[in-house]
1. Using a simple spin-label model with points 7 Å from Cα along the Cα→Cβ vector, what separation in nm is obtained for S175 and E113?
2. Between A186 and S245, what is the FRET efficiency for a Förster distance of 41 Å, r being their Cβ-Cβ separation, to the nearest 0.05?
3. Going by how many other beta carbons lie within 10 Å of each one, how would you line up I94, I181, fewest first?
4. Quickly rank 87-93, 226-232 as a protection proxy: mean count of other C-beta atoms within 10 Å, highest first.
5. Distance from the Cα centre of region 89-111 to that of region 171-240, in angstrom?
6. Of K62/K242; K141/K174; K242/K272, which sit over 25 Å apart, Cα to Cα?
7. Around R95, with a cut-off of 11 angstrom between Cβ atoms, what is the net charge of the other residues, counting Lys and Arg +1 and Asp and Glu -1?
8. If I stretch the segment between A66 and K141 completely, what's the gain in nm (0.36 nm per residue apart, minus their alpha carbon distance), one decimal?
Amino acid sequence: MINFRYHVVSVIGIFIALAVGVVLGAGPLQRTINAGVNPSSSQVSSDPQLVAQADAEAAGLKALAASTLSGSLTGSQIALVVMPGASDDDVAAIRSTLTDAGASIVGRVTLSENWQSTSMSQYRTTLSTTLASHLESGAAKTASADGVVGYSIVQVLTSTGSETDLLRQILTDKSTPLMTIDEDPAGTATTLVAVGPRAQTGATDTSVSPSPDAWSGLALAVGSTSGVLVGDASSRDAMISKVRSSATQVTTVDSGGTTLACVSTALALSQKSAGAHAYGVGNGAQSVLPTVK
């Protein structure tokens with residue numbers, strides 16, 4: 001098999017370049033990096049040398065990131081929103097990176113297929129009328145039905161009170177729940193990180209057709225907290241790609257399931273720069289990583 005190192009830009013090299021102030025934007029180099037970050041699973045799994053090298057590069061990136069990120073998120077109160085299909089391992093990796101950077105993970109919720117299924121769009125539209133009557137955010141007044149659902153999720157995680165309690169009851173209704181609360185932040189979260197599924201490399205469950213509107217609605221609400229949406233942008237049909245093409249005001253990170261995604265998420269949160277940014281190597285990415293300042 002062709003030696004991996006001669007055809008892939010080292011992920012460690014990427015971070016070293018950024019650490020000394022070199023900014024990597026979109027273009028040919030980014031596409032080369034994409035090949036390294038997202039090699040085909042069959043290629044990697046069939047060659048122990050590639051597996052070992054990928055593991056070593058990920059470990060090197062994580063070690064280099066530790067010195068840059070240490071203390072950068074001290075004081076941040078973050079809630080995790082786990083989207084349908086997201087890997088527990090990916091969520092745990094992002095959580096670990098954020099806490100290593102000093103953040104406090106104060107809550108976690110898991111969204112159900114009811115939240116994103118196209119077949120449940122009418123249900124969410126009907127429900128949004130009730131939800132909207134309990135929302136505190138003025139921005140929600142002009143939001144779509146799925147946007148209202150997104151803002152409702154944000155309110156449950158970031159505030160308390162009787163109106164928020166009603167939103168919680170509606171969203172977690174046992175008959176048709178849109179989400180479950182795994183760790184209750186009791187309104188203490190100030191920023192949200194939503195984690196979606198990584199790129200699919202094998203057979204997938206096609207029984208549920210996810211709605212781009214549901215993702216954009218949540219993305220808009222997450223963006224209002226200066227949060228980050230993490231997931232897959234490996235194809236134009238991937239949901240992060242669709243969110244980016246919709247010009248929703250939220251910072252996105254692609255290449256979910258990689259150390260690169262974890263580091264990018266922490267860096268993006270630590271900078272809290274104005275506007276939406278698209279980090280990674282997938283469709284619509286503006287740069288590989290946030291600029292290290």
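The numbers here are math on the coordinates, done by the rules we state, and not lab data. Every value quoted in this text rests on a predicted model; they were computed, and no experiment measured them. Here Cβ is always computed from backbone atoms with ideal geometry, including for glycine, and neighbour counts include all displayed protein chains.
1. Between S175 and E113, the simple spin-label model gives 2.0 nm.
2. Values: r = 36 Å, r/R0 = 0.88.
The pair A186/S245 has a calculated efficiency of 0.70.
3. Numbers: I94 26, I181 16.
Fewest-to-most Cβ neighbours within 10 Å comes out as I181, I94.
4. By packing density, highest mean first, the sequence is 226-232, 87-93.
5. 15 Å
6. Details: K62/K242 29 Å; K141/K174 27 Å; K242/K272 23 Å.
Pairs exceeding 25 Å: K62/K242; K141/K174.
7. On the way: positive: R108; negative: D88, D89, D90, D100, E183.
Value of the local net charge: -4.
8. Details: separation 75, 0.36 × 75 = 27.00 nm, distance 4.12 nm.
The span from A66 to K141 would gain 22.9 nm if fully extended.
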